[in-house]
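Encoded as structure tokens, the structure appears first; notes follow it.
The values are calculated or read from the model by the stated rules, or taken from the named source; none is laboratory data. Quick caveat, the model's predicted, so the values are computed rather than measured. Heads up, the Cβs are rebuilt from the backbone with ideal geometry, glycines too, and the neighbour counts pull from every protein chain shown.
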Amino acid sequence: MRITFLGTGTSQGVPLVGCKCPVCCSPDPKNNRKRPSLWLEFAGKSVLIDTSPEFRLQALECGISHIDAVLFTHAHADHIFGFDDIRRFNQMQRQTIPIYASANTIAVLKGLFSYAFAVNEDNWAVPRARAMIIDGDFSLFGQLCQPLLVYHGALPVTAFRIGDFAYVTDCSLIPAKTMSQLYGLDVLVIDALRYRPHTTHFNVDQALQVINTLQPKQAYLTHMCHEVEHTQLAASLPPTVAPAYDGLVIEVSQPPTKVI
């Protein structure tokens, strides 16, 4: 599985509008973070996790030319407001795109983007989505996909484990059951907003505590704000942990195909 980090920033992105701090003014492109999203390629398929407000730009920069499915973690603006831009892929593919999310997230998407879920087989001028409500493990193009419950403050958020890869964003609490489902990973991507504590996100120390417990072969920190300078953070981390950055591409070996 090939994984591309489309965005590794927070809800306001980095640089922050109107901010002149060293990170926001940094010439290092690894300190320039769009809103959070991933692109997964496996089994000849192309899958997004979330559609950030910069999705169009992310798709252009990373060369995304096809989308077979979109997984959504939750319905906050920084994770869904690029949804309308799937329409270009509908037009190119002449296909409705399946959208996988919890019932609550699907309800919000249908409320905001009702026109995308309307049945009109001849209209490719608008996005065309097919709602796939997640209520347990499911097969995603022949690969077992496990939706996992985490909490973003009081808000339930869907983390995803696909094979030996897991994506846990916008998280301040991982329930014991979910922790038990996150062992044995090759790669873990996890929320690490900043160094100071926050009410609805892990800070760097809390993310490292989770990583130390789960012991993935490699971990990447994401959803980082402008208080985090990439090179300084990277130098402080153990060898098996690194800060992710926009455009980072990694490869994860997949176990044998599992079909439910």
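Looking at the structure I just gave you, is residue 195 outside any strand (DSSP E or B), surrounded by fewer than 21 Cβ atoms within 10 Å (Cβ to Cβ) and free of Cβ contacts under 8 Å to residues at least 60 places away in the same chain?
Considered against the rule, which asks whether it is outside any strand (DSSP E or B), surrounded by fewer than 21 Cβ atoms within 10 Å (Cβ to Cβ) and free of Cβ contacts under 8 Å to residues at least 60 places away in the same chain, residue 195 comes out as yes.
Quick one: which of 87, 130 is among the basic types (Lys, Arg) and touching a residue at least 40 places away in the same chain (Cβ under 8 Å)? If you could, list the steps in order and put the result at the bottom.
Details: 130 fails: touching a residue at least 40 places away in the same chain (Cβ under 8 Å).
When all the criteria are applied, what remains is 87.
Just name the residue that is nearest to the chain's Cα centre (by Cα) out of those in segment 166-191 that are more than 21 Å from residue 252 (Cα to Cα) and buried (at least 21 other Cβ atoms within 10 Å of the Cβ).
170
Quick check: is even one residue across segment 46-53 farther than 27 Å from residue 138 by Cβ and in a helix (DSSP H, G or I)?
Step one: list which residues in segment 46-53 are farther than 27 Å from residue 138 by Cβ, which gives 53.
With in a helix (DSSP H, G or I) added as a condition, the list becomes none.
No, segment 46-53 has no match at all.
Go through segment 204-245 and give me each residue that's surrounded by 20 or more Cβ atoms within 10 Å (Cβ to Cβ), without any contact (Cβ under 8 Å) to a residue 60 or more places away in the chain and either assigned to a loop (DSSP other than H, G, I, E, B) or among the β-branched types (Val, Ile, Thr) (or both).
204, 210, 211, 216, 241
Just to be sure I understand the filter: pairs with C-beta atoms under 8 Å, separated by 6 or more residues or on different chains, first member in segment 47-67 and farther than 15 Å from residue 36 by Cβ, second member surrounded by 24 or more Cβ atoms within 10 Å (Cβ to Cβ) and among the polar types (S, T, N, Q). Which pairs pass?
Going by the 8 Å Cβ cut-off, the qualifying pairs are 64/58.
Output the number of residues of segment 85-114 satisfying the condition of being outside any helix (DSSP H, G or I) and among the basic types (Lys, Arg).
Summing the residues that are outside any helix (DSSP H, G or I) and among the basic types (Lys, Arg) in segment 85-114 gives 1.
Being farther than 30 Å from residue 139 by Cβ and surrounded by 22 or more Cβ atoms within 10 Å (Cβ to Cβ) is the filter here; which residues of segment 14-45 pass it?
14, 31, 33, 34
Considering only segment 65-84, state which residues are assigned to a helix (DSSP H, G or I) and surrounded by fewer than 16 Cβ atoms within 10 Å (Cβ to Cβ). Walk me through it before giving the result.
Filtering segment 65-84 down to residues assigned to a helix (DSSP H, G or I) leaves 77-80, 83-84.
Correct list: 77 only.
Among what's in segment 90-130 and is aromatic (Phe, Trp, Tyr) and closer than 14 Å to residue 51 by Cα, pick the residue that is surrounded by the fewest Cβ atoms within 10 Å (Cβ to Cβ).
First, pick out the residues of segment 90-130 that are aromatic (Phe, Trp, Tyr): 100, 113, 115, 117, 124.
Going one step further and asking which of them are closer than 14 Å to residue 51 by Cα, we end up with 100, 113.
Working: 100: 23, 113: 19.
By that ranking, first place goes to 113.
Residues in segment 116-131: is at least one within 30 Å of residue 172 (Cα to Cα) and either at pLDDT 95 or above or in a strand (DSSP E or B) (or both)?
So in segment 116-131, the residues within 30 Å of residue 172 (Cα to Cα) come out as 131.
Now restrict to residues that are either at pLDDT 95 or above or in a strand (DSSP E or B) (or both): 131.
Yes.
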